[in-house]
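Comments concern the structure below.
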Amino acid sequence: LGDSKLSIEKALLASELSEKNQFLDIQAESFRILAVNYRSLKEFDKATAYINKAEVLCLRTKNWDLLSRVYNNAGLIEFDKGHNDTALLIYNKGLDIAREHVTSKFHLCQIVSNIGEVYLESNPDLAITYFNKALKMARETSNNKQAEAGINSDLGRAYTRKKEYAKAEQFLKEGLRLTHQLGLKRVTGHTYLALVDLKVREGKPTEALSYMKDYNAVR
């Protein structure tokens, strides 16, 4: 739900309890959650340290499903650091794990969407291809509404860059509808920022300001 402080507190407790009881899978997931939160807070050194710990435990327990998710999060951290090539390599490691082993299909759409994110600025058409593939997977394979919300917002951002503003607004508002429905504060904030960008490019400062106020309220 976007409450990093509370999430970190609970994940640290889970890590402590799981280490004490040798629940290695739960400890690995706790490390992954800590990495997600520290990435959100832009504390990348801590995020990288925790995601590396999660990877070590997943390899040790052969938890391929969690390892695929760990690589997805590791890719996000590298992407946020501006290391696009490294991010792509790590995302593809996650996809390889999913192809080679029996894993849940629930999170695969997020890896595919994140690959699209890498291409968003340099090649929006290619990004849209990945986003559409991810959206189809989210709907048909996993019924992953959380991923669907984020992917709709990603499609809106891509169409904004193509100057197809009506289509961009359609996807962004659908993403916003889903984020409100699911209570996803972090994705809601990202979507409001994307709407600010859209309205600035359209030359509609009043609407841009309104969405900026919405974004600040979410923060």
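The values are calculated or read from the model by the stated rules, or taken from the named source; none is laboratory data. Treat the numbers as computed from the prediction; the structure is a model and nothing was measured. Note that each Cβ is placed from the backbone with ideal geometry, even for glycine, and that neighbours are counted across all protein chains shown. All accessible areas refer to the heavy atoms of the entire protein, side chains included, with ligands and DNA or RNA removed. Shrake-Rupley method; radii C 1.70, N 1.55, O 1.52, S 1.80 Å.
Within the stretch 50-73, find all residues whose amide N lies under 15 Å from a label point positioned 7 Å from the Cα of Q22 along Cα-to-beta-carbon.
Counting backbone N atoms under 15 Å from the label point, the list is 61.
For a 19 Å ceiling on Cα separation, which of these pairs sit above it: K42/K199; K136/K199; K105/K136; K5/K185; K5/K46?
Exceeds cut-off: K42/K199; K136/K199.
May I ask which residue of Q27, L172, S142 lies farthest towards the positive end of the charge dipole of the chain, with charges of +1 (Lys, Arg) and -1 (Asp, Glu) on Cβ and the Cα centre as origin?
Working it through, the farthest residue towards the positive pole turns out to be L172.
State the extension gain, in nm to one decimal, for the chain segment bounded by S40 and N52, taking 0.36 nm per residue of separation less the distance between their alpha-carbons.
2.7 nm
How long is the stretch 161-219 along each principal axis, judged by its Cα atoms, biggest number first, in Å?
So the three principal-axis extents are 29, 21, 14 Å.
Once you order the gyration tensor axes a ≥ b ≥ c over the Cα atoms, which shape class does the stretch 93-186 get: rounded for a/c under 1.5, otherwise prolate or oblate by comparing a/b with b/c?
oblate
Would you mind counting up the charge near T86? Only other residues with Cβ under 15 Å from its Cβ, with Lys and Arg at +1 and Asp and Glu at -1.
Around T86, the charge tally is -2.
Given an 8 Å cut-off on Cα distances and at least 6 residues of separation, report the relative contact order of the chain as a percent.
This gives 12 percent for the chain.
List, in order, the whole-Hz ³J(HN,Hα) value for each residue of the stretch 51-57 obtained from phi through the Karplus relation with A = 6.51, B = -1.76, C = 1.60 and θ = phi - 60°; use x for Gly and Pro.
These are the phi-based 3J(HN,Hα) values: 5, 5, 5, 5, 4, 4, 5 Hz.
Where the only charges are on Cβ atoms (+1 Lys, Arg; -1 Asp, Glu), what is the dipole of the chain about its Cα centre, to the nearest 20 debye?
360 debye
What accessible area per residue comes out for the chain, rounded to a whole number of Å², with a 1.4 Å probe?
52 Å²
In whole percent, and with a 1.4 Å probe on the protein chains, what portion of the accessible area of the chain is carbon and sulfur?
Roughly 52 percent of what the probe reaches on the chain is carbon or sulfur.
Using only the Cα atoms of the stretch 1-158, what semi-axes does the equivalent ellipsoid have when each is the square root of 5 times a gyration tensor eigenvalue? Give whole Å, largest first.
Its equivalent ellipsoid spans semi-axes of 26, 17, 15 Å.
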